[in-house]
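Read the structure below first, then the notes.
Rule-based calculations on the coordinates, nothing more; no lab input. For clarity, every value in this text was computed on a predicted model and none was experimentally measured. Note that each Cβ is placed from the backbone with ideal geometry, even for glycine, and that neighbours are counted across all protein chains shown.
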Amino acid sequence: MPIKIFSHQADPDGLGCIILCKKSFDEVDYTLCKNVSDLDYKLNEFINNEEDLNYEKIFITDLCPSIDLLDKISNNEKLKNKIIIIDHHVSNLEKTKEKDYSFVNINLDKCAAKLFYDYLKEHWALIFPDKTLKEFVELTNLHDTWKWKEVNNLDAYHLETLLHKLGTIGYLNHFIEKLDFVSRHFKYTEEEEKWIREQLEEEQKYLDNLMNRIIYKKIDKINYGIVYGLYNYRNSLSDKLRDNKNCDILIFMAVDNETISFRSINNDVEVKSIAVEFNGGGHDKASSCPLNKENERKIIKKFLN
Ligand SMILES: [Mn+2]
């Protein structure tokens with residue numbers, strides 16, 4: 001029987017989980033989800049249509065459904081035994097910690113792809129010691145936990161550059177094929193290096209333009225920078241803003257992904273609570289919420305008035 005996976009589509013971590021799943025099982029169907037509300041909608045449809053009957057196991061990675069849906073799963077013996085949730089977002093740990101869901105695994109130490117890799121190794125014995133895949137997961141972890149900066153690992157950073165260049169489906173297909181060489185070290189090919197250079201050049205131009213469009217606002221000693229831009233640029237813009245004294249928190253409004261991203265830039269300010277205020281969540285230094293009419297109106301009122 002095939003395997004189903006719902007994963008976060010936004011970054012190398014969520015996509016890395018799908019790649020691992022495809023590498024581990026013969027038949028895998030995946031569904032990409034933008035955010036928690038997108039996951040809730042798609043998972044609910046899936047359950048209501050009894051599509052779960054077609055699958056042996058259902059993984060949900062790098063995301064966690066809302067409490068209502070978790071309760072619905074928890075009250076259904078069959079679903080409860082079939083679904084496994086693997087996530088690492090602190091806001092999801094907080095929302096589930098009062099409950100005792102046996103199918104929810106949230107661990108803050110590693111990215112979802114690394115947690116999923118360890119899970120598959122432990123429970124399914126499917127991923128054998130494969131050097132390339134293991135190193136790919138390690139790079140994904142460095143990227144997703146922002147540790148690549150401390151150790152200055154640009155290979156990890158360039159997973160995201162390649163994602164921007166290839167697009168979501170292109171990234172999935174490319175790495176599913178590339179990671180077939182079991183005993184080699186993970187290394188970018190000349191073609192990949194070329195894609196990275198081209199993408200970086202293009203991003204540089206767009207970022208220079210974005211920098212000029214940021215609107216700054218100081219509220220209670222915290223400097224906010226607000227800008228509308230393409231979702232792919234939320235992280236590279238926050239990198240570029242570091243050491244810019246005008247900005248402690250970046251509020252990045254991405255209409256193309258219907259997401260508002262919050263990034264802590266300077267002064268160690270946390271941004272999770274802002275996202276929670278707007279029905280979102282995430283990590284202390286990087287969080288997000290849906291960009292809908294209501295949130296947009298509130299953000300404009302609070303930060304652009
Ligand atoms: Mn992640």
Starting from the Cα of residue 206, step 7 Å along the direction of its Cβ; do the same at residue 107; then give the gap between the two resulting points in nm. 3.4 nm
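About its Cα centre, what dipole magnitude does the chain give when the only charges are +1 on Lys and Arg Cβ and -1 on Asp and Glu Cβ, stated in debye to the nearest 20? Walk me through the numbers on the way to the answer.
Numbers: 43 positive and 53 negative charges, 188 e Å.
Here the size comes out at about 900 debye.
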In nm, the gap between the two label points placed 7 Å beyond Cα toward Cβ at residue 188 and residue 131 is 2.1 nm
Determine the dipole magnitude for segment 1-118: charges of +1 sit on the beta-carbon of Lys and Arg, -1 on that of Asp and Glu, nothing else is charged, the reference point is the Cα centre, and the result goes in debye to the nearest 20. 180 debye
Cα atoms only: what Rg and Dmax, in Å, come out for segment 1-148? 14.4, 42
Once you put a point 7 Å from the Cα of residue 122 and another 7 Å from the Cα of residue 244, both along the Cβ direction, what distance in nm separates them? 4.1 nm
How long is the gain from residue 178 to residue 302 if the chain were fully straight, where each residue apart is worth 0.36 nm and the alpha carbon distance is subtracted? 40.0 nm
GNM on the chain, C-alpha springs below 10 Å: top fluctuator among 49, 257, 232? 49
Which is farthest toward the positive dipole end of the chain among 137, 276, 219, measuring Cα position about the Cα centre, with Cβ charges +1 (Lys, Arg) and -1 (Asp, Glu)? 219
DSSP H segments from the chain that extend 18 Å or more along their own axis, Cα-based, with Kyte-Doolittle mean of -0.5 or above: 154-178
Counting residues in the chain as N, plug N into 2.2 N^0.38 Å and put the Cα Rg over that result. 1.01
Strictly over 30 Å apart at the Cα level, which of 99/302; 80/121; 272/293; 194/217 would you flag in this model? 99/302; 194/217
Computed from the beta carbon distance with a Förster radius of 30 Å, FRET efficiency for residue 67 and residue 270 to the nearest 0.05 stands at 0.85
How much of the pair distance distribution for segment 214-303 lies past 22 Å, counting alpha-carbon pairs only, in percent? 14 percent
